[in-house]
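The values are calculated or read from the model by the stated rules, or taken from the named source; none is laboratory data. Just so it is clear, the model here is predicted, and its values are computed rather than measured. Quick reminder, even Gly has a Cβ in these numbers, built from the backbone with ideal geometry, and neighbours come from all protein chains shown. Heavy atoms of the whole protein, side chains included, go into the accessibility calculation; ligands, DNA and RNA do not. Shrake-Rupley method; radii C 1.70, N 1.55, O 1.52, S 1.80 Å.
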Amino acid sequence: MTEPRSSILQGTLDLMVLKTLEQMGPLHGYGIARRIEQVGQQALIVNQGTIYLCLVRLLQKRWISSKWGTSENNRKAKFYAITKAGRAQLKAETENWERISGVIGRVLQPESGS
Amino acid sequence: MRASFYSLLARLRGFVRPAVGDADFDHELEHHLAIAEEEKVRRGLSPEEARRQARLELGGVTQLREAARAARGLPWLETFWLDGKLGWRMLRRSWGLTLVGGLAMAVTIGLGASLFTIWDTFAGMRLPIDEGDRVVAIQPFAPASQRVRMTTPLADFRRWRETLRSVEYVSAMRPIDAEVITRNGAVGPVRAAEMTPSAFQLARVQPLLGRALIDRDARVGAEPVAVIGYDLWQSTFASDPAVISQRIEIAGTPHTIVGVMPDGFRFPVNQRLWLPLRIDPVGEEPPDSDVFVFGRLVPGATLDRAQSEVGALGLLRSDAVARTPADLTPRVVPYAAGFFPEVYANSWATGLIFLLGALLLIPPCANIAILVYARTVTRRQEFAARTALGAGRGRIVMQLFVEVLVLATGAGIIGFLLAQQFSGRLSRVMVMGPGTLPFWMDFRPSLPTVLCVVGLSVLAAAIAGGVPAWHATGQWRLSGFSGLASRGPGAQLGKTWITLLATQVALTLAILPSATEMVWGIFRPAIVGPGLPVEQFLTSSLVMEGDTSRFETLRVEAVRQLRADVGIAGATVSATVPLEERFADIEVEEGETSGIQARFNSVDDQFFEVFGARLLAGRRFEAGDFGPGQTPVIVNRSFITEILGGPPSQGPGEAGGHGLGRRVRYRDTAQTRYAAPPSGAHEIVGVVEDFPGDNDGPMMFHPMTPVHPVTVTVRAASGIALAAARLRAITSGLDSRLRLGELRTLDDIYWQRRSADQTFGFVLGAVIAIVFLFSMAGLYTLMTFIVARRWREIGVRLALGAQPRRLLGGIFGRALVPLTIGASVGCALALRLHSWLPIAEAGGQRIPGIVPISAALVIGVGLLAVAGPARRAIRVDPTEALRVG
């Protein structure tokens, strides 16, 4: 029973990370985690460690790239940026997400006009 | 798709160089914690609290590191690799198991893969020519009885050729062995075909030189022509580009060479020479003139359409014209299926044969399974430790499976190499006899064979490793893994294993005597010689260039000088190379008239003396036999026993008395016409012993009439090199135009002929050795197992003062059960089998007292196998046994 839930979560996290990088430009792992938490307005609790596993996956698929750099506080950090393939994937995933959430929304909506 | 590919690449990189990713990830986490901590301090938290919260939010670093490593690499492969390394170590430790198990698996996998290669080759019968799948054979077929006749009467062929619309280039052929003589001497029998010229158009292969056969060549009365194959052109004509228009003699008739076909062209079966098939459009058919009919489907036509058309035309029913039984109807099948109708009709059955071949894996694997099971049980402490560390049952089973897989992989590689060696040879033995494989059959192991070997190896590992591991761990699960660590009685070798061992001992003993006699019969000539000093004989063709009118005189003089030479012990002349005689269809007056064949040769008066062939009855050739009009024949013992039904192993008088005075003649068949034996009826005047002793098949020897060229065979008096030198010197000294062909020893000819038998003997010997080895290894394992299981008990009883001899009796008792039962049943079976099997007729050699010898061997080695562990048992140190137990 845990398998479908975790896979949805995993896919969703990938989507959120890609979107964050598209919007914010290159970010380090901590920055990505913070940004997702802010956008989620604390409603979404993300284990920051899982962000790194997600980044490993996205890197392997070449949807993001990475480069060591210096943070705003002058600390060494690894920065991630979305690639062209990543943008295409994000576009496809977003459309898919909207379609599915639309369908689910319609299913869950109370019937009107009856 | 692309992302998955990149992901796999990255994981492979991570698998090969895990350290790089680990270090990078550790750095990143360090920096993450530092940034998070700094930010929290800026928000007013104390450094300690900031550090604590930062760590909390990140999660467990160790788990994270492990998860990232798993995500970066190929964790299942890593586990597999580790298990493989462990397996390799275990195999080195248990070298006995490795050797016995590995050898058995290798031979069985090799045999299975060979059978697969043969099956695969038959199943995928496609001609390697342009659009080969559209070439079809048309042949009479009886739907009710499923009987197929490969050849068709000429009258039907003529009708199909003129009428059929869905099949083009309707062609006919008749395979023959042609006796070819070039200006350089006799080439020997060459596989040839009489073929309609249309077959060359059908094959769509252009000649390398000259032209292919054309319609004009096939007309009655046309000049005799021949097209030769690449091999023949290379070997006989030294690739001479001026070979076209040269003349060769085929069965006494001069033919002009008009073309050379390219390398690899062997159409229609495996031919090296092609002659036009002459069909008189209206003439009467000679007897035995049926032909193999084939053609090419016209573009757009299907096999079904061709079948409908051919079916509608049918076969001529008139007995006077076609001699065709009424139940036959023509059918159209893929070309290759026309030669192997059984395979075509029963493709599932051939698949079944392969499956049975794969089942051969089960006995050796079951044996290895016993060994692995016993070893697994003795490794309980190791698995207890692993279980305590969190390994589940599946993980332990997987480890044992991979351990045996390592062994199976090694065995698979050796098995593949064996298959490479054996599939071609086996197929020749099984299918058609040496050197006659159809050109479309390639028995070299291919990619499907490799996949088959992989599959068989995994199957072997599953049976030999997975099953016993599952069984053993199942027992532990029932009794609780906690008990694993103890060394007391736990898992047992139950009745199944004991029965299996007893059956195996019985089987070993049952087949050992007969199989040993078979193997001895096959390899005896290699060990004690073929009963004829073949290495002392030298043979060659003797040819005369240009005018051959003086050949007979020179030949007689050459033989006279050779016989007088000190370097030569004897010289004889024959029409054909001894041991390479040709077969011909024969009939015996007032006896068998069809379906019998004998090999024949024409020999001079000294032939039997030179070869030392003992006369069994009648007389040898006398001077008067060599004159014109004489038709005496001398036959060998096999002729008397196999054709005339004489007693198989009686004294000389009785064996010969059966045949003297009987008359034999050659039948007028296509095969016989090209073999060109002496005509007329031949009266048997003498019977000689088979020579060499293992010579198989009936032989007929005729007195030699003057002929050109001849085969000269000399027996060396001292050295073969000297004899060769003398032979050359004497022939060239007589006339410069007198030439010797290639000099060969009978040794080469003899062993070449026996190679197929030796392959069979080797396989049989290997199987026997493995079965024997396994029985003994099984007994050894059983004893080791019993000792290991009763280690503590033995210690206690020794400490309490038990007599080692009595103790041994108890331990031995259990191990001797399968040996005693097996040996008793095996002895009875062996006696029965030994008297029932026709060993001598199948090429074996009887060995006096072989059954008791085998029984003594099996029991003796069996006792030795259990003696080793038994000795260890009575040397158990009681204090050590109690401490460890």
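Where only protein heavy atoms count, and the probe is 1.4 Å, what is the accessible area per residue for the stretch B:92-250 in Å²?
Numbers: 6750 Å² over 159 residues.
Ligands and nucleic acids excluded, the figure is 42 Å² per residue.
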Distance between modelled label sites at B:V556 and B:D26, nm, 7 Å Cα→Cβ extension: 10.2
Accessible area (Å², 1.4 Å probe, nearest 10) - B:E642: 120
Point-to-point label distance, A:R106-B:S235, nm (Cα→Cβ direction, 7 Å offset): 7.9
Peptides B:169-180, B:101-112 ordered by average Cβ neighbours within 10 Å, highest first: B:101-112, B:169-180
Whole-Å semi-axes of the ellipsoid equivalent to the stretch B:178-305 (Cα gyration tensor, √5λ, descending): 26, 19, 13
Cα centroid of the stretch B:78-153 to Cα centroid of the stretch B:791-857, whole Å: 36
Highest average packing first - A:97-107, B:27-37, Cβ atoms within 10 Å: B:27-37, A:97-107
Given A:K84/B:K40; A:K67/A:K91; A:K19/A:K78; A:K91/B:K40, the pairs whose alpha carbons are separated by over 27 Å: A:K84/B:K40; A:K91/B:K40
The stretch A:41-84 - percent of accessible surface contributed by carbon and sulfur, probe 1.4 Å: 50
Spin-label pair B:A385/B:L829, simplified geometry with 7 Å Cα→Cβ offset, distance in nm: 4.2
Highest average packing first - B:632-639, B:266-273, Cβ atoms within 10 Å: B:632-639, B:266-273
Paramagnetic reach from A:R75 (point 7 Å along Cα→Cβ, amide N under 15 Å) across the stretch B:39-71: B:39-59
B:R805-B:L863 FRET efficiency (beta carbon distance; Förster radius 25 Å; 0.05 resolution): 0.95
Probe 1.4 Å, protein heavy atoms only - accessible area per residue of the stretch B:4-63 in square angstrom: 60
Distance from the stretch B:168-229 to the stretch B:572-617 (C-alpha centre basis), Å: 30
Kirkwood-Stokes translational diffusion coefficient of the stretch B:116-204, alpha-carbon pairs, 10 °C, 1.306 mPa s, µm²/s: 99
Peptide-level mean, for A:49-55, of C-beta atoms on other protein chains within 10 Å: 6
Accessible surface buried upon A-B contact (total; probe 1.4 Å; Å², nearest 100): 2300
In order through the stretch B:463-470: 3J(HN,Hα) via Karplus (6.51 cos²θ - 1.76 cosθ + 1.60), integer Hz, x for Gly, Pro: 6, 7, x, x, 4, x, 5, 4
Share of carbon and sulfur in the accessible heavy-atom surface of the stretch B:158-281 [1.4 Å probe, %]: 47
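Can you give the average number of partner chain beta-carbon atoms within 10 Å of each beta-carbon in peptide A:58-64, as a whole number?
Other-chain Cβ atoms within 10 Å of each residue's Cβ, averaged: 5.
Hey, got the average number of other protein chain Cβ atoms within 10 angstrom for residues in A:71-81?
Across A:71-81, the average partner-chain Cβ count within 10 Å equals 3.
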Rounded FRET efficiency, nearest 0.05, which uses the C-beta distance separating B:R619 from B:E131 and R0 of 51 Å: 0.25
